[in-house]
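The values are calculated or read from the model by the stated rules, or taken from the named source; none is laboratory data. Treat the numbers as computed from the prediction; the structure is a model and nothing was measured. Cβ placement follows ideal geometry from the backbone for every residue including glycine, while neighbour counts extend to all protein chains displayed. What goes into the accessible areas is simple: the full protein's heavy atoms, side chains included, and nothing from ligands, DNA or RNA. Shrake-Rupley method; radii C 1.70, N 1.55, O 1.52, S 1.80 Å.
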Amino acid sequence: MEKRLTHLLFADDSLIFLDANIEEGAALGEVLRLYSAMSGQCINFNKSSLSVGRKIRHTDGQRLANSLGVTFIENHTKYLGLRAFLGRNKREVFGQIRNKVWEKLQGWKMGLFSQAGREVLIKSIIQAILVYLMSCFRLIKGLIREIQSLIARFWWGSTKDKHQIHWGNWDKLCKDKWFGGMGFRDLEDFNQALLSKQGWKLVTNPNSLFAQVLKALYYPNSEFLTAGLRNCCSNIWRGIIWGRELILKGSRWRVTDGNKIRINEDRWIPREAPFLLRTPAMVPPNAYVSSLMDDAGEWNIETLKETMHEDDIPWILGIQTRKDGGEDDRMWHDTINKKYTVDSGDKIIQMEKQGAETSNKSIVRGGGRRYGNRI
């Protein structure tokens, strides 16, 4: 039986989906009439609107809107405060959030706040304004730089008429206080961590309406973690795929019966990332972890000794198998409850940056010693 999406109800908005013909329009009109008669609540048709898909002619859409007594529009411009359709000019659309940040900063009188007060305002209000938008879309880098510049100017006390010296760049302000920074959010990293949370929902709750819709559109014959990008993907899907990079880095398989986990190809060893065997096992390609167990679901010691490197065996034996515990599933490695959090995703990004920074410093110092330069 074919499943159809008929309606979505959120906050004070209701979206109803129907075929673009007079018969379905009449049926919807009758439903609304009966609802009003039974509940005593009146439908405000002046605030209601209708839009149709690209394959429906404008005249047919207008005729259907007239039959329902609602306004015909090209598309629903806003939903829950966000633009329903972005189009190609993302700077114009996302620029509205930049203006909102600017208006908020301009509304605060600089002289009334201490440095500590400005820190609280930035963390609790300014960066919180962006959370909802960044949970849905990947912001363009130019806009992120503009917003971070506005925040930095407010932090250092600059105004329209007076420019203060910035005694540290934005990267330094985003470092943890233990490392000499202020603990501000790097907005691009925060954006990716928020979108990764949407991807985690697709991994852990594949039966949700959200997951079913995206699967039908973008990966009907595969899994989310292996899905790719198509030519006509939405901005939301592109953002989720970008966030998926963190899921692949910070998650691993939890072994139960081992029937879904490949020995050499998948991440399942419970040590630090990338959660792979240090030395490939001597098994055929795409062999499953279940082949390392006996009939009772326990690890087969002899098989492990024959196929695994001795350094990997203790890690495997430390995994408690559960033959009747259900299917193998994904888990987040760095949290106590093994569920993804935005902070844990952001932590992975910062650790990668610190590793790259340390590596670059080592290269520079090595060059200095070799060529006699003073670094």
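A 1.4 Å probe run over the chain, with the rest of the protein chains in place, finds 63 Å² accessible per residue. Spin-label pair Gln212-Ala116: with each label point 7 Å from Cα along the Cα-Cβ axis, the two points sit 5.3 nm from one another. Only protein atoms count toward the accessible area here, which uses a 1.4 Å probe; on the chain, the carbon and sulfur part of that area reaches 53 percent. Listed cross-link partners Lys175/Lys201; Lys175/Lys353; Lys104/Lys347 are compared with a 18 Å cut-off, the Cα-Cα value being larger for Lys175/Lys201; Lys104/Lys347. Derived value for segment 163-279: Kirkwood hydrodynamic radius 17.0 Å. Basis is the mean of 1/r over every pair of different alpha-carbon atoms.
The sum of -39500 (n - 2.57) across all DSSP H runs of n ≥ 4, divided by the residue count of the chain, sets its helix-only mean residue ellipticity at 222 nm to -14000 deg cm²/dmol.
For the pairs Lys177/Lys197; Lys47/Lys215; Lys172/Lys197, note any where the Cα-Cα span goes beyond 28 Å. In this structure, Lys47/Lys215 exceed 28 Å between Cα atoms. Segment Asp19..Thr335, full-extension length gain: 109.2 nm, with 0.36 nm per residue of separation and the alpha-carbon distance subtracted. Looking at the chain, the pairs of alpha carbons with a distance over 31 Å make up 57% of the total.
Computed from the C-beta positions of Asp311 and Glu223 and an R0 of 35 Å, the FRET efficiency is 0.70 to the nearest 0.05. For the pair Ala273 and Leu8, the difference between a 0.36 nm per residue extended length and the Cα-Cα distance amounts to 91.4 nm.
Projecting the Cα atoms of Ala273, Cys232, Ser290 onto the charge dipole of the chain (Cβ charges, centred on the Cα centre) puts Cys232 farthest toward the positive pole. For segment 129-202, the Cβ-based charge dipole about the Cα centre amounts to some 80 debye (Lys, Arg positive; Asp, Glu negative; other atoms uncharged). Think of each Lys and Arg Cβ as +1 and each Asp and Glu Cβ as -1; about the Cα centre, that makes the dipole of segment 219-290 roughly 140 debye. For the pair Phe72 and Lys109, label points projected 7 Å from Cα toward Cβ lie 5.5 nm apart.
Listed by chain and number, the aspartates and glutamates whose C-alpha is less than 15 Å from the C-alpha of Lys55, apart from same-chain residues fewer than 8 away, are Asp19, Glu74. What you get for the chain, charging only the Cβ of Lys and Arg (+1) and of Asp and Glu (-1), is a dipole of about 2160 debye around the Cα centre.
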